[in-house]
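The values are calculated or read from the model by the stated rules, or taken from the named source; none is laboratory data. All values reported here derive from a predicted model rather than from experimental measurement. Glycine also receives a Cβ, built like all others from the backbone with ideal geometry; neighbour counts cover every protein chain displayed. Quick note on the areas: whole protein, heavy atoms, side chains included, nothing else; ligands and nucleic acids left out. Shrake-Rupley method; radii C 1.70, N 1.55, O 1.52, S 1.80 Å.
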Amino acid sequence: MGLQVYIDGRFVDEDDAKVSVYDHGLLYGDGVFEGIRVYNRRLFMMDEHLKRLYNGAKVIRLEIPMEPGDLKDKVRETVRINDISDGYVRLVVTRGKGDLGLSPSKCADPNIIIIAATIKIYPEEVYMRGLNVVTVSTRRNNPDSLSPQIKSLNYLNHILAHLEVLHAGADEGLVLNDGGYVTECVVDNFFIVVNGVILTPPTNAGALNGITRLVVFNLAKEHNMEIREENLSLVECYTADEAFLTGTAAEVAPVTHIDERPIGDGKPGPFTTRLMEAFKELKENYGTPID
Ligand code: PXG
């Protein structure tokens with residue numbers, strides 16, 4: 001028996017977990033999702049992920065057919081019955097089955113899908129040496145067209161950017177906005193350290209309101225580190241003392257090269273290392289128990 005996936009209101013074996021070809025999540029990328037980590041049988045930052053999911057759904061006028069408290073319990077149940085102590089949850093809400101037309105008006109039943117699985121992360125040596133990041137030519141979606149704040153099922157902008165990262169043989173990509181300022185990485189938020197101050201682009205520059213980004217703001221304040229949102233040019237990034245990225249999968253990871261320029265001395269810096277340690281301690285001891 002494989003993993004048990006929650007779909008269409010019940011648990012089914014992963015091989016039988018299928019969506020209709022008429023689901024507008026498939027036909028149009030119409031839906032929202034979250035990726036959530038499980039550490040030590042606890043869901044990390046669960047309430048913040050739920051909030052972002054329901055907010056995204058609200059923007060696209062998708063009514064999630066479950067109250068947040070019940071959805072939280074369903075996610076806990078999914079993790080529990082699959083006996084995942086440390087892993088990753090993909091929570092997806094699609095517009096549901098409609099006809100071939102674009103309009104969501106025929107989609108009566110949004111579909112909630114919960115997959116709890118293990119996760120493949122960067123090997124430890126990548127955290128020791130730091131990541132190689134390249135600037136990609138694909139720009140982040142303009143917020144006037146599609147807000148990067150919606151974690152929607154349409155990730156083609158990110159996939160195009162990722163293809164460039166693959167082609168370059170790098171670990172992650174820096175994505176600029178239409179004005180040429182840095183927004184974030186392909187699927188991670190981005191930070192630099194300059195003269196002892198941690199800087200990251202504001203969300204209205206085109207960065208996702210990342211949950212790990214929020215954790216880093218809280219940790220920095222707790223450890224008396226100055227942290228600010230600021231528009232960042234590539235030159236400021238190349239000449240920074242340190243750089244790092246954050247994301248649910250990557251956690252806090254040092255960036256030691258950008259477009260083949262070493263950042264600082266080309267090794268993970270002291271601010272990054274302290275934040276990585278603080279994050280490690282937090283993730284092991286904090287979260288929503290699944291039991
Ligand atoms: N920016 C974007 C565009 C993202 O999609 C982040 C930043 C980091 O946010 P969090 O909330 O995770 O700290 C993301 C994260 C994956 C995966 O499997 C992750 C994301 C999207 C797709 C896949 O790691 N989003």
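Checked against (1) touching a Lys or Arg at 6+ places or on another chain (Cβ under 9 Å); (2) open to solvent by less than 40 Å² (accessible area, probe 1.4 Å), SER85 passes all but condition (2).
Among residues of region 140-190 being open to solvent by less than 20 Å² (accessible area, probe 1.4 Å) and of a type in the set (Asp, Glu), the one that is farthest from the chain's Cα centre (by Cα) is GLU172. Considering every residue within region 176-190, establish whether at least one is acidic (Asp, Glu) and either more than 9 Å from the ligand (Cβ to nearest atom) or not assigned by TED's automatic domain parsing to the domain that holds ALA249 (or both). The answer is yes, given that some residue of region 176-190 is acidic (Asp, Glu) and either more than 9 Å from the ligand (Cβ to nearest atom) or not assigned by TED's automatic domain parsing to the domain that holds ALA249 (or both). Of all residues in region 191-212, those that are hydrophobic (A, V, I, L, M, F, W, C), surrounded by fewer than 23 Cβ atoms within 10 Å (Cβ to Cβ) and assigned to a loop (DSSP other than H, G, I, E, B) total 1.
Just to be sure, is LEU232 within 16 Å of the ligand (Cβ to nearest atom), buried (at least 20 other Cβ atoms within 10 Å of the Cβ) and in a loop (DSSP other than H, G, I, E, B)? Taking the combined requirement at face value, the residue satisfies it. Restricting attention to region 235-291, the residues that are within 26 Å of ASN204 (Cα to Cα) and assigned to a loop (DSSP other than H, G, I, E, B) add up to 8.
Taking the conditions exactly as written (near the ligand (Cβ under 10 Å from one of its atoms) and without any contact (Cβ under 8 Å) to a residue 40 or more places away in the chain), does ARG213 satisfy them or not? For ARG213, the condition - near the ligand (Cβ under 10 Å from one of its atoms) and without any contact (Cβ under 8 Å) to a residue 40 or more places away in the chain - is met. Checked against the criterion of being open to solvent by less than 50 Å² (accessible area, probe 1.4 Å) and within 16 Å of the ligand (Cβ to nearest atom), region 64-74 contains not a single residue that satisfies it. Applying the condition of being open to solvent by less than 10 Å² (accessible area, probe 1.4 Å) and farther than 16 Å from TYR122 by Cβ to region 245-268 and asking which residue is nearest to the ligand (Cβ to nearest atom) yields ILE258.
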